[in-house]
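A short write-up of the structure that comes next.
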Amino acid sequence: MMTLRAHFDGKVIVLDEPADLATGTRVEVAVVQEQAPRKSSPKALLRLAGTLSHEEAESLRQATAQMRRIDPGLWTK
């Protein structure tokens, strides 16, 4: 079984990427609605890949690094 991603352009189903299928190959299509990822989740941010400017990507990287920074003061008694 092979899974291919596609979209419907209003008339036909269009594959998002080329597939190694011979012309005339019969296929079965099951329509599955994609669920939008939760706002600000890692999956939602990854969907932005390729749509951000260098400055926007760097800003996100710095914010993520800041959130992951451990405050040593939290470990003192």
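The values are calculated or read from the model by the stated rules, or taken from the named source; none is laboratory data. Small disclaimer: the values here were computed from a predicted structure and weren't measured. Cβ sites come from the backbone with ideal geometry, for glycine too, and all protein chains shown count toward neighbours.
Annotations
- Pairs, first in contact (Cβ under 8 Å) with a residue 12 or more places away in the chain in the range 41-68, second surrounded by 11 or more Cβ atoms within 10 Å (Cβ to Cβ) and of a type in the set (Asp, Glu), C-beta under 7 Å, six or more apart: none
- Odd one out for Ile70, checked against (1) modelled with pLDDT under 85; (2) within 17 Å of the chain's Cα centre (by Cα): (2)
- Residue count for the range 6-64, restricted to those that are in a loop (DSSP other than H, G, I, E, B) and not polar (S, T, N, Q): 29
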